[in-house]
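Values in this text are rule-based calculations from the coordinates and carry no lab data. Just so we're clear, the structure is a prediction, and the values are computed from it rather than from any experiment. Reconstructed Cβ throughout: ideal geometry from the backbone, glycine too, with neighbour counts over all protein chains shown.
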Amino acid sequence: MSEYWWGRSASEISEYVKNKEISPVEVVQSFLDRIQQVDTKIDAFTQIWSDYALQQARSLEEKIVKGKSPVGPLAGVPVSIKEVICTQRGFTTCASKILAGYRSPYDATVVERLLNADAILIGKVNMDEFAMGSSTENSSIKLTRNPWNLECVPGGSSGGSAASVSAEECVISLGSDTGGSVRQPASFCGCVGLKPTYGRVSRYGLVAFASSLDQIGPLSKNVMDSATTLSVIGGRDPRDTTSVDMPLPDYSERIRKNVDTISMRIGLPKEYFTEDLNEEVKELIMKAVRILEKQGAEIVEVSLPHTEFAVATYYIICTAEASANLARFDGVRYGFRHVDSKNIIEMYKCTRSEGFGPEVQRRILLGTYVLSSGYYDAYYLKAQKVRKLITQDFEEAFQKCDVIVGPTSPTPAFRFGEKTQNPLEMYLSDIYTISVNLSALPAISVPCGLTQSGLPVGLQFIGKHFDEEYLLTVAYLYEINRGQEFGNPPLE
Amino acid sequence: MIRSKISRDEIYHIADLAYLHLDTEQAEKLAADLSEIIGYVEKLNELSTDNVEPMMHAVPMENILREDKVRPSITKEESLRCAPLHDGEYFLVPKILEVD
């Protein structure tokens, strides 16, 4: 038996722990050591809960020794949580100055469910402020580095989640995905990132950015661990009325059952393979497609004709929703307040201007503008109509195929500062992920290779509404046939 | 080239609506940023959407009802705990009414 436990999958760890072959305390200590060792380079963690993690591990050990109550599917598995998800333990800052020091009085539903599954919460991880960004450079706390190349961004907004999983500082992380914020950093950091169907996972306790697009999703080293996590965190929650009452299968069991007999018609959207796509990324994606073809997939060309309008649609809808959601940060009930204001309006204004970073203010202003009197029809209503057209594109494409495959991001990870000067350029890096949120579909990014310069590239699978079972099975089939271990980023 | 879609005065007006305070330099920068972004999103006008139903909800749903029962919630102490200023009973804020 190896002396360290980081680098193992969730299924492996939980099996060993359940069978009393290893103490969860030992597992947790091993990951805490790993964090000590590498997080000074990566800076993924904003809070490290060493004592609490060990305490959870000891309680779990006691429970296993007593052997009376059933042990959960994530027994002893260390999990990190994005700063935007509420936890009673520690702080929930959204990486924003306006929520610095904020302690949530309750746990998000997903956190409750992780704890019920005997997962170990090991700490919280960095992100772009209020999940607005694609590089984690918009954090008010610190910069997080890409474990594969410390000069590059980890992607965003769940950059801390992806970096912490990739650097093997935890096994699973929960992120949130509004326009690609789980999948794009997973792609940049060489791990798996799953965005479930809108409504699959409760948003109770997820600080809202754009409520019609936000969805919590897991990041992990492999497809199976994300599948197991979805079975734990998914399902109807009366506290989020947009969570849907649909059967929630044991995904890992279903995948194992289905993988040998699955038939696949894979759609390649011609709009995803244009000159905007980096040549090296394109080659790696096509290599992956050939692997799927070898496994019996029929490859068909499909068309998503409104793709070029997705970014514009998204930035109207998400900023409009954000400007409404972020109105609650007024310095009265929680968070930061500007002191010495003459009156309440001045207090609101100074609190918000000092508390929010530049990108958040830019989006609040844009959202306020598109919703303001005289502009509503021209922008917001128009965008909702185009959102419908984008959704219909997918419905039509799924007449011809069972799953859509393409790149997660047009490029591999970029360097710090490369896109911070031009917000629009940063927005355009989400071109392949945002249509999925607009259409409420499930999608997963799976690593499919490294570029010449050693940066990971992600392959995106897009599935039908609430059919994560099929989506995950195809992704798993690809993963086991990829024939290449991506293993560890060069951190030692 | 960036069309100047949004003037500095307009930025100040929107900032007022959003309760944000901007200095001159920020207003200049944001007017330029927003003009560029608005110029870009106007791309949507290339599309005819006359007969398209707007997509109001991500997933079609019907009304969701629940029994109107008293359930536990967070206590007063817990809700005040996070506030920047309170007196144990109420959130405290600067003066709301101007009195001579």
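Considering the dipole of region A:34-145 built from charges on the beta carbon (Lys and Arg +1, Asp and Glu -1) around the Cα centre, which of A:Ser135, A:Ile35, A:Ala53 is farthest to its positive end?
Value computed over the given set: A:Ala53.
Mind ordering A:164-170, A:59-65 by average Cβ neighbours within 10 Å, highest first? Walk me through the numbers on the way to the answer.
Numbers: A:164-170: 29.7, A:59-65: 15.9.
Listed from highest to lowest mean packing, they are A:164-170, A:59-65.
Would you mind checking region A:35-53 for residues with the amide N under 12 Å from a putative spin-label position 7 Å along Cα→C-beta of A:Phe91?
A:46-48
For n ≥ 4 DSSP H runs only, could you compute -39500 (n - 2.57) per run for chain A, divide by its residues and tell me the 222 nm figure to the nearest 500? Before the final figure, lay out the partial values.
On the way: 16 runs with 189 residues, N = 492.
Computed mean residue ellipticity for chain A: -12000 deg cm²/dmol.
Place the peptides A:444-451, A:253-260 in order of packing, highest mean first, counting for every residue the other Cβ atoms within 10 Å and averaging per peptide. Write out the running numbers ahead of the final one.
Numbers: A:444-451: 25.1, A:253-260: 14.8.
Going from most to least packed, we get A:444-451, A:253-260.
Taking only the C-alpha atoms, wrap a convex hull around chain A and report its volume per residue in Å³ as a whole number.
Details: hull volume 70.4 nm³, N = 492.
That works out to 143 Å³ per residue.
Take the alpha carbon gyration tensor of region A:122-187, find the square roots of its eigenvalues, order them as a ≥ b ≥ c, and report rounded if a/c is under 1.5; if not, report prolate when a/b exceeds b/c, else oblate. Write out the running numbers ahead of the final one.
On the way: a/c = 1.32, a/b = 1.15, b/c = 1.15.
It comes out rounded by the Cα gyration axes.
How many nm is it between the label spots at B:Leu47 and A:Gln295, if each spot is 7 Å from the Cα in line with the beta carbon?
Here the answer is 3.2 nm between the modelled labels.
Using unit Cβ charges (K, R positive; D, E negative) and no other charged atoms, how large, in debye to the nearest 20, is the dipole of region A:233-326 about its Cα centre? Each step should come with its number before you reach the end.
Values: 11 positive and 17 negative charges, 87 e Å.
Rounded to the nearest 20 debye, it is 420 debye.
For the ranges A:284-293, A:197-206, what's the packing order if you count other beta-carbon atoms within 10 Å of each residue, average per peptide, and put the highest first?
A:197-206, A:284-293
Give me the dipole magnitude in Debye, nearest 20, for chain A about the Cα centre, with unit charges on the beta carbon: positive for Lys and Arg, negative for Asp and Glu. Display every interim value, and only then the final one.
Working: 50 positive and 60 negative charges, 216 e Å.
For chain A, the charge dipole is close to 1040 debye.
Which far-off residues, 5 or more places away or on another chain, put their amide H under 5 Å from the one on A:Asp240, with H placed in the peptide plane?
So A:Asp240 has HN proximity to no qualifying residue.
Which whole number gives the average count of other chain Cβ atoms within 10 Å of the Cβ atoms across peptide A:358-367?
Values: counts 4, 1, 1, 7, 6, 1, 6, 13, 9, 2.
Other-chain Cβ atoms within 10 Å of each residue's Cβ, averaged: 5.
Please report A:Trp49, A:Trp148 as a ranked list, fewest other C-beta atoms within 10 angstrom at the top and most at the bottom. Numbers along the way, then the final one.
Working: A:Trp49 21, A:Trp148 26.
The fewest-first ordering by Cβ neighbours comes to A:Trp49, A:Trp148.
Set the Förster radius R0 to 30 Å, insert the Cβ-Cβ distance between A:Thr274 and A:Ser453 as r into 1/(1 + (r/R0)^6), and round the FRET efficiency to 0.05.
Details: r = 23 Å, r/R0 = 0.76.
The formula returns an efficiency of 0.85 here.
Determine ³J(HN,Hα), in whole Hz, for all residues of region B:87-94 in sequence, where each value follows from phi through the Karplus function 6.51 cos²θ - 1.76 cosθ + 1.60 and θ = phi - 60°; x replaces Gly and Pro.
With the stated coefficients, region B:87-94 comes to 10, x, 10, 10, 6, 9, 9, x Hz.
For B:Ile74, put the label point 7 Å out on the Cα→Cβ axis and report which residues of region A:77-91 keep their amide N under 14 Å from it.
Output list for this probe position: A:85-91.
Evaluate the distance, in nm, between pseudo-label points positioned 7 Å from the Cα of B:Lys29 and of B:Arg8 along their respective Cα→Cβ axes.
With each label placed 7 Å out from Cα toward Cβ, I get 1.5 nm.
Using modelled amide H (1.01 Å from N, peptide plane; none on Pro or chain starts), what sits under 5 Å from the amide H of A:Asp214, excluding residues fewer than 5 places away?
Close amide H contacts, sequence-distant or interchain: none at all.
So, R0 is 30 Å and r is the distance between the beta-carbons of A:Lys342 and B:Glu89; what FRET efficiency does that work out to, to 0.05?
0.75
Which whole number gives the average, over all residues in A:368-379, of C-beta atoms from other chains lying within 10 Å of the residue C-beta?
Values: counts 8, 11, 3, 1, 5, 1, 0, 1, 0, 0, 4, 4.
Partner-chain Cβ atoms within 10 Å, mean over residues of A:368-379: 3.
Name the shape class, rounded, prolate or oblate, that the alpha-carbon gyration tensor gives for region A:10-259, where a ≥ b ≥ c are the square roots of its eigenvalues, rounded holds for a/c under 1.5, and otherwise prolate holds if a/b is larger than b/c and oblate otherwise. Intermediate results must be reported in sequence, preceding the final value.
Details: a/c = 1.43, a/b = 1.17, b/c = 1.22.
It comes out rounded by the Cα gyration axes.
Test of understanding: in a Gaussian network model of chain B with alpha carbons linked when under 10 Å, which of B:Leu30, B:Leu85, B:Leu22 would top the mean-square fluctuation ranking?
Of B:Leu30, B:Leu85, B:Leu22, the most mobile in the Gaussian network model is B:Leu85.
Over the whole of B:28-34, what's the average partner chain Cβ count within 10 Å per residue? Rounded to a whole number, please. The partial results should precede the final answer.
On the way: counts 0, 2, 5, 1, 0, 8, 5.
Across B:28-34, the average partner-chain Cβ count within 10 Å equals 3.
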